[in-house]
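Data first, discussion second: the structure below is written as structure tokens.
The values are calculated or read from the model by the stated rules, or taken from the named source; none is laboratory data. What you are looking at is a predicted structure, and each value in this text was computed from that prediction instead of being measured. No Cβ is skipped: glycine too gets one built from the backbone with ideal geometry, and neighbour counts run over all protein chains shown. Ligands, DNA and RNA are excluded from the accessible area calculation, which covers all protein heavy atoms including side chains. Shrake-Rupley method; radii C 1.70, N 1.55, O 1.52, S 1.80 Å.
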Amino acid sequence: MRVLSTVKFTVLRMARNYIVLLLLLVIPIILITIFSFILSESVTETGVPYHYQNALTMVLVFQLFAGAIVMYLIDHDLFKENRMRIYTLPFNQRMYAFSIMICGAGYSILLGVLLMIYTQFVLGIIWANWAWMIYIISLMAILSIIVCLIFTFSVKKYKIAERLSELYGVGFVVLAGLFFPMPENIFFDFFGTYGNPLTLSIMSINEMGQSNTGKAWFQANILLVAIVLLFIVMLNLGRRRKL
Amino acid sequence: MKVTRNERVNNMTIASMQGVIKRYGSHVVLDYIDLDIQEGEIIGLLGPNGAGKTTLIQTLTGMIPFDRGKIELFGNSKNPFSNQNKERIGLVTQEITIFEELTAKENLQFFAGVYGLKRQEKKKRVEEALEFVGLADKGNKVPARFSGGMKRRLNIACALTHRPRFLIMDEPTVGIDPQSRNYILEAVKKLRENGTTILYTTHYMEEVQAIASSVTIMDQGQIIKNGTVEELIQTVQHEEKVRIDVTDPDSVPVNSLEKIAGVKKAIVAGSQIIIISTFGSGNLDRIITLVKEHAGVLGIQADKPNLEDVFLTLTGKQLRDKEEE
Amino acid sequence: MTIFRFALKRVFGNTTNLIFLTIFPIACIFLPKGEGWPFLPYGYQYFGILILFIGIRLATIILEDRGKGVVKRLAVAPVSHFQYLSQNLLAYSVILILQCAIVVYGGILFGQELYQPSRLFLLFVSFCFASLAIALAWISFYRRKDTSFLLYMSLIFLIVVLGGLIIPIEIFPDLLKRIAVIFPTYWLAEGLNWIVFGENILDFLLINSVLWLYTIVCIIIGSTRKIY
């Protein structure tokens, strides 16, 4: 398992990508902080402080962009500049790609947990169930990575894959109705609820917070099934790209 | 960098390509390539841009499949691209393939790790490789701060940590300053002294002339000549080459020059007319008279043949465009 | 006007730009009305955010020129830096103004209630110039296109929140209300409110003047860094 020797360096490369760190950690911290100042006195219909709901949404929204660094590294190492060198190395290239995925997921989950720590200890937001929150963050991160890789494998131009991944992130935020209310019809209802990973995650965490364990698991399992199905699609597309 | 090798066998064929054909659609990129590389050799693979050098390397390393023929590496033709064989090969890519986010040392540690070197050995080899390419004091710096030449040298070092038996260098000196180029050529010579087998592709014939023990000339996907530098030059020794600097090269009728007895080829290269004639043809007077009728003659010089001439004679074109020089 | 012409050609030659420049503004026309807030339909409240994105996307072309050394080549051509910059900016302004026209007058055709469409158009035009100038000033600090673009996107997130484009400024704490004044997005939000409720034309002029002040200051900052 020579691929294991590369893990340290993949993590270093991710950690040194300051743009990713800025977009997935610094900006959320600033936005959550500003929102918590602005919304400190408002409460939701269920009586929960509004900035709690906002922090939860923010932590999950940024997981929609977790795949960016993974798709960049995989494209760079296996399809672009480094391709020739990587393919002459005595290790399994697929395992290498897989290791980048796992590192990316781990890194993104870590950033999500850091956001939780910050919001709890600095902004006083109480995360009722840390384990469940981390589980949902993990599902979101893995799903985003798989979706981003599907884009990378299915289009030839990396720039287009990048734009599609942005569309995935921003699109589901919009469909969740966070910017403006969506029209009421079957399509928007579906993609605003069970067809939207962001809404599913938020609902699942809220249900768990209200001790509706069954509903929480059901929503999380939808994400899990989506991950399994899309993982198979990703593998097939990866094979087609001769990975 | 010292190389001690127990597995070395004299005169062993390190790599062999037999009748290899590679097509992209209807375009034949490698056209029936036959190539044998013996242990300890430095083969200079010479050819203009687009000759198929990089495709040859990609095929030889198993990166891309080929359509017909046979490739054998280290005596293994059944599974030539096995990990065991890959461990013995080092590749210096034409593009700079290093990780910009990692320091020079970390870059080398990455590759050393992939080649399975253990902790102590890895540390030692990384230091050696850095020393070898003259970056010992830059180990903890990220390549983003390096000059083009330094990046090229790091690019080479990445292929050396595991002490490959067979090193493939794909145009390792493209776009760098003369100082770094000399450094790289000296490094290649040192590797040769240590017994590393090297396939060195370039379109700079001076480099091949300086380091290669034998030369393979490629053009349009075909190997058109093999041999040592001396052997190849001898093939054009029966020719004379005259360069005439003229005021208006385009007005000189090249066709008329080629009709003069003894003239084998006449071409315009920048402000010069290059004329290749049969040895001892005694046609210089007539050539100059004809040239003078159409343009002012600024200077005349007779050249000793070199690899450039071999290439010119074989293909009718120059290795590099004038602007590239 | 060669630079002007080719600036337009380059912008429209890129598919992503073309999508950015046509689909998104048209989509703005069709966004629904808010309940209570915002007072104008969502598309018009958020069009300001789009203008900021388009501003940096267009200005990045100048940064690309700087990175590739095209500007150096122009520096030795009989073209002044002023001509280069002004013709580029003129081309980008034309594009942005066209978009404002599409959004405002397209909205009228679609039947959106825009209260004072011509003044809304003027407000968007003023904000377009401010956006372009800010983007020009921003890129003058950078060499790498991607870094500059991504950091500016992050900045946009912040100033649209703090300027009151996404959340009504009325619910801000006092300190943030006072800080909001320094962001151009605040003045756009104020302008949008004026379009719905405003009566005193002097208020509207003040809002536009502030946006123009941003434009002038940022153009000066952005044009001082020449090329190399």
Return the only residue of C:Ile108, C:Ile56, C:Ile95, C:Ile134 being closer than 25 Å to C:Trp212 by Cα, open to solvent by 20 Å² or more (accessible area, probe 1.4 Å) and hydrophobic (A, V, I, L, M, F, W, C). C:Ile134
Anything in segment A:1-11 that is open to solvent by less than 40 Å² (accessible area, probe 1.4 Å) and either more than 11 Å from chain B (Cβ to nearest Cβ) or part of a helix (DSSP H, G or I) (or both)? List them, or say none. A:Ser5, A:Thr6, A:Phe9, A:Thr10
Where C:Leu85 falls short, out of the listed (1) open to solvent by 40 Å² or more (accessible area, probe 1.4 Å); (2) in a helix (DSSP H, G or I); (3) in contact with a helix residue (DSSP H, G or I) (Cβ under 7 Å, 6 or more places away or on another chain); (4) away from every other protein chain (no Cβ under 12 Å): (1)
Identify all residues within segment B:155-179 that are in a helix (DSSP H, G or I) and either in contact with a Phe, Trp or Tyr (Cβ under 6 Å, 6 or more places away or on another chain) or surrounded by 21 or more Cβ atoms within 10 Å (Cβ to Cβ) (or both); write none if there are none. B:Asn155, B:Ile156, B:Ala157
Can you tell which of B:Ile98, B:Ile37, B:Ile14, B:Ile43 is closer than 23 Å to B:Leu160 by Cβ, modelled with pLDDT of 90 or more and assigned to a loop (DSSP other than H, G, I, E, B)? B:Ile98
Going through segment C:167-188 one residue at a time, which ones are within 9 Å of chain A (Cβ to nearest Cβ) and touching a residue at least 24 places away in the same chain (Cβ under 8 Å)? none
Take C:Phe157 and decide whether it is open to solvent by 30 Å² or more (accessible area, probe 1.4 Å), within 14 Å of chain A (Cβ to nearest Cβ) and within 16 Å of the chain's Cα centre (by Cα). yes
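Matching residues to (1) more than 14 Å from A:Gly67 (Cβ to Cβ); (2) part of a helix (DSSP H, G or I); (3) touching a residue at least 12 places away in the same chain (Cβ under 8 Å):
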| residue | (1), (2), (3) |
| --- | --- |
| A:Thr152 | no, yes, yes |
| A:Val174 | yes, yes, no |
| A:Glu184 | yes, no, no |
| A:Phe190 | yes, yes, no |
| A:Met203 | yes, yes, yes |
| A:Glu207 | yes, yes, yes |
| A:Ser211 | yes, no, no |
| A:Ile227 | no, yes, yes |
Odd one out for A:Gly47, checked against (1) away from chain B (no Cβ under 11 Å); (2) crowded, with 21+ Cβ neighbours inside 10 Å; (3) farther than 20 Å from A:Met14 by Cα; (4) of a type outside the set (Ser, Thr, Tyr): (2)
Considering only residues that are over 20 Å from A:Phe188 (Cβ atoms), open to solvent by less than 50 Å² (accessible area, probe 1.4 Å) and either in contact with a Ser or Thr (Cβ under 7 Å, 6 or more places away or on another chain) or at pLDDT below 90 (or both), which ones fall in segment C:17-36? C:Asn17, C:Phe20, C:Leu21
How many of the residues in segment A:26-44 are over 19 Å from A:Gly209 (Cβ atoms), within 11 Å of chain C (Cβ to nearest Cβ) and open to solvent by 30 Å² or more (accessible area, probe 1.4 Å)? 5
Turns out the helices (runs of 4 or more DSSP H) fully within segment A:33-88 with at least 2 residues that are among the β-branched types (Val, Ile, Thr) are A:50-63, A:67-74
Listed residues C:Ile19, C:Ile3, C:Ile49; which is within 14 Å of chain A (Cβ to nearest Cβ) and more than 30 Å from C:Ile171 (Cβ to Cβ)? C:Ile19
Can you confirm whether segment A:203-223 contains a residue that is surrounded by fewer than 21 Cβ atoms within 10 Å (Cβ to Cβ), among the aliphatic types (A, V, I, L, M) and more than 18 Å from the chain's Cα centre (by Cα)? no
Report, by residue number, each residue of segment C:137-154 that is assigned to a helix (DSSP H, G or I), out of contact with any Asp or Glu (no Cβ under 9 Å at 6 or more places or on another chain) and more than 11 Å from every other protein chain (Cβ to nearest Cβ). C:Ala137, C:Trp138, C:Ile139, C:Tyr152
Is it the case that segment A:80-90 has a residue that's surrounded by 17 or more Cβ atoms within 10 Å (Cβ to Cβ) and within 22 Å of the chain's Cα centre (by Cα)? no
Kindly list, by first and then second residue, each pair from a residue in segment B:142-158 that is within 14 Å of another protein chain (Cβ to nearest Cβ) to a residue that is part of a helix (DSSP H, G or I) and charged (D, E, K, R), limited to pairs with Cβ atoms under 6 Å and residues at least 6 apart or on different chains. B:Pro143/B:Lys151
Checklist (1) modelled with pLDDT under 85; (2) surrounded by 15 or more Cβ atoms within 10 Å (Cβ to Cβ); (3) touching a strand residue (DSSP E or B) at 6+ places or on another chain (Cβ under 8 Å); (4) not hydroxyl-bearing (Ser, Thr, Tyr) applied to B:Val215, failing item: (1)
Per the filter on segment B:101-125, residues more than 8 Å from chain A (Cβ to nearest Cβ) and part of a helix (DSSP H, G or I) are B:Ala104, B:Lys105, B:Asn107, B:Leu108, B:Ala112, B:Arg119, B:Gln120, B:Glu121, B:Lys122, B:Lys123, B:Lys124, B:Arg125
Selection count, segment A:89-136, where residues are within 14 Å of chain B (Cβ to nearest Cβ), in a helix (DSSP H, G or I) and among the polar types (S, T, N, Q): 2
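Here is a yes/no grid of residues against (1) open to solvent by less than 10 Å² (accessible area, probe 1.4 Å); (2) over 21 Å from B:Arg152 (Cα atoms); (3) among the hydrophobic types (A, V, I, L, M, F, W, C); (4) not assigned by TED's automatic domain parsing to the domain that holds B:Ile168:
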{"position": "B:Val20", "(1), (2), (3), (4)": "yes, yes, yes, no"}
{"position": "B:Gly25", "(1), (2), (3), (4)": "no, yes, no, no"}
{"position": "B:Glu39", "(1), (2), (3), (4)": "no, yes, no, no"}
{"position": "B:Ala51", "(1), (2), (3), (4)": "yes, yes, yes, no"}
{"position": "B:Gln58", "(1), (2), (3), (4)": "no, no, no, no"}
{"position": "B:Phe66", "(1), (2), (3), (4)": "no, yes, yes, no"}
{"position": "B:Leu73", "(1), (2), (3), (4)": "yes, yes, yes, no"}
{"position": "B:Asn83", "(1), (2), (3), (4)": "no, yes, no, no"}
Restricting attention to segment A:154-172, which residues are in a loop (DSSP other than H, G, I, E, B) and away from chain C (no Cβ under 12 Å)? A:Val155, A:Lys156
Among the helices (runs of 4 or more DSSP H) lying completely within segment C:171-228, list those that include at least 2 residues that are modelled with pLDDT of 95 or more and within 28 Å of A:Ile34 (Cα to Cα). C:184-197, C:201-224
Which condition does B:Glu128 not pass, out of (1) within 12 Å of chain A (Cβ to nearest Cβ); (2) of a type in the set (Asp, Glu); (3) open to solvent by less than 50 Å² (accessible area, probe 1.4 Å), if it passes all the others? (1)
Out of segment C:12-44, which residues are touching a residue at least 40 places away in the same chain (Cβ under 8 Å) and farther than 18 Å from C:Val103 by Cβ? C:Trp37
If you go through segment A:56-64 one residue at a time, do you hit one that is buried (at least 17 other Cβ atoms within 10 Å of the Cβ) and either within 14 Å of chain B (Cβ to nearest Cβ) or without any contact (Cβ under 8 Å) to a residue 40 or more places away in the chain (or both)? no
